[in-house]
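Working notes, structure below.
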Amino acid sequence: METPKSPLQPPTYGNLITVLSIDGGGIRGVIPATILAFLESELQKLDGEEARLADYFDVIAGTSTGGLVTAMLTAPNEQNRPLFAAKDIKDFYLNHCPKIFPQQSCPFANATKLLKSLTGPKYDGKYLHRLAKEKLGDNRLHQTLTNVVIPTFDIKKLQPTIFSSYEVKKSPSIDALLSDICIGTSAAPTYLPAHQFETHDPKGNARRFDLIDGGVAANNPTLVAISEVTKEITRGSSDFFPIKPMDYGRFLVISLGTGSPKTEEKYDAHKAAKWGLLGWLTSESSTPLTDVFMQSSGDMIDFHISNLFKALHSEESYLRIQDDTLTGNESSVDIATKKNLESLVGLGERLLKKPVTKVNFETGVCEPCHKGTNEEALIRYITFICRNSLQGEANS
């Protein structure tokens with residue numbers, strides 16, 4: 001087996017390193033999918049109908065459902081263009097989520113789900129496995145049309161495994177099928193089964209992976225993506241010359257959340273104080289333990305990045321779009337009814353019209369920061385990205 005050759009181009013030689021990051025969140029991935037459709041449509045207004053997000057971002061990162069979106073945006077088709085336009089991803093969710101997370105309509109559905117969750121995952125994952133393999137085919141990590149970073153967690157080793165375009169150059173054993181990576185990063189505990197597969201390096205040596213949801217490690221993969229770029233710079237990669245490792249003003253980061261429950265909506269200490277193992281694993285229509293690690297992971301990474309960019313006087317280089325007002329079924333990761341999915345699409349559309357916010361880490365509430373709407377902020381960022389792309393073409 002020969003060492004894989006990457007079709008990736010070096011970063012644009014403009015002023016910026018552009019990063020797009022997409023959180024995990026099950027069916028709530030339709031929220032960032034709606035925002036991505038707007039983002040790509042604005043790029044097309046400037047550069048034509050064939051413009052795709054993979055053409056403008058030096059790295060796209062995604063965890064869990066965000067990892068699946070990342071692969072869809074960057075995997076090549078037969079014409080070596082992205083398999084999916086951003087506008088098609090919303091329909092992908094609407095059409096396929098009800099089959100990935102089939103809903104029971106019998107009177108005892110909740111009791112059946114509870115019993116099943118005590119003996120195994122709520123869903124068998126078979127439809128997701130077939131779908132990922134059908135859509136992504138034989139495409140492997142090294143073949144993506146721009147750099148990707150997809151976190152997973154290896155349950156056998158009890159440590160994160162990061163599938164990174166940067167790492168595959170020196171560690172070809174991680175050159176897995178994109179379908180296997182997506183199935184692995186989406187294998188949320190209690191919801192979908194863990195995923196095991198093998199790869200072989202150029203010498204024929206096998207490497208086994210035993211993966212669960214990347215959200216265990218980094219539900220918000222933004223910091224992982226920045227770290228992968230920084231690591232590549234410190235290795236002395238000529239692709240990034242003359243960028244310095246701590247020159248965060250050279251980054252332009254768009255980080256998309258999948259929404260979170262309204263602060264006072266779901267749990268409190270009075271409820272949690274009564275929970276044993278069963279209570280932490282099953283409460284009403286959700287899994288508290290999963291909600292906790294997803295929310296804490298996303299917020300802590302936002303906390304670190306916000307303060308890092310602030311300390312380095314680069315606050316304008318980081319845009320986080322998140323909605324913390326989800327209620328009822330909207331806050332679920334798996335209630336894939338037509339009504340709920342359409343509600344999430346509407347939520348994503350309304351989120352574009354809402355003001356840019358930052359999390360108040362004392363209250364946990366997203367507060368307006370007087371920088372216009374998310375839609376206006378994205379248009380400003382698109383202008384920067386297109387200018388950077390033009391400068392890169394001029395300098396290359």
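Annotations
- Any hit, the range 374-388, residues being in contact with a strand residue (DSSP E or B) (Cβ under 8 Å, 6 or more places away or on another chain) and modelled with pLDDT under 80: yes
- Qualifying positions in the range 242-265 - open to solvent by less than 30 Å² (accessible area, probe 1.4 Å), modelled with pLDDT under 80 and not aliphatic (A, V, I, L, M): 248
- Total residues in the range 318-335, condition assigned to a loop (DSSP other than H, G, I, E, B) and either free of Cβ contacts under 8 Å to residues at least 40 places away in the same chain or more than 17 Å from residue 225 (Cβ to Cβ) (or both): 8
- Candidates in the range 146-178 are the residues that are within 17 Å of the chain's Cα centre (by Cα) and farther than 16 Å from residue 228 by Cα; of these, the one that is surrounded by the fewest Cβ atoms within 10 Å (Cβ to Cβ) is 153.
- Extreme residue, surrounded by the most Cβ atoms within 10 Å (Cβ to Cβ), among residues of the range 12-38 that are in contact with an Asp or Glu (Cβ under 9 Å, 6 or more places away or on another chain) and either over 22 Å from residue 382 (Cβ atoms) or at pLDDT below 50 (or both): 24
- Test for residue 214: is it on the phi > 0 side of the Ramachandran plot and modelled with pLDDT under 95: no
- Criterion applied to 6, 41 was being at pLDDT below 90, out of contact with any Asp or Glu (no Cβ under 8 Å at 6 or more places or on another chain) and open to solvent by 10 Å² or more (accessible area, probe 1.4 Å), and the one residue passing it is 6.
- Test: residue in the range 280-288 that is among the hydrophobic types (A, V, I, L, M, F, W, C), modelled with pLDDT under 75 and over 27 Å from residue 252 (Cα atoms): yes
- Residue in the range 330-342 that is farthest from residue 23 (Cα to Cα), counting only those that are crowded, with 16+ Cβ neighbours inside 10 Å and not acidic (Asp, Glu): 337
- Annotation note: of 99, 133, 126, 90, the sole residue that is modelled with pLDDT of 95 or more, out of contact with any Asp or Glu (no Cβ under 9 Å at 6 or more places or on another chain) and crowded, with 16+ Cβ neighbours inside 10 Å is 90.
- Qualifying position, being within 24 Å of residue 223 (Cβ to Cβ), free of Cβ contacts under 8 Å to residues at least 40 places away in the same chain and assigned to a helix (DSSP H, G or I), among 68, 73: 73
- Residue that is nearest to residue 138 (Cα to Cα), among those in the range 187-234 that are open to solvent by 50 Å² or more (accessible area, probe 1.4 Å), touching a strand residue (DSSP E or B) at 6+ places or on another chain (Cβ under 8 Å) and outside any strand (DSSP E or B): 194
The values are calculated or read from the model by the stated rules, or taken from the named source; none is laboratory data. Keep in mind it's a predicted model, so treat the numbers as computed, not measured. Reconstructed Cβ throughout: ideal geometry from the backbone, glycine too, with neighbour counts over all protein chains shown. These accessible areas exclude ligands, DNA and RNA; they are computed on the full protein's heavy atoms, side chains included. Shrake-Rupley method; radii C 1.70, N 1.55, O 1.52, S 1.80 Å.
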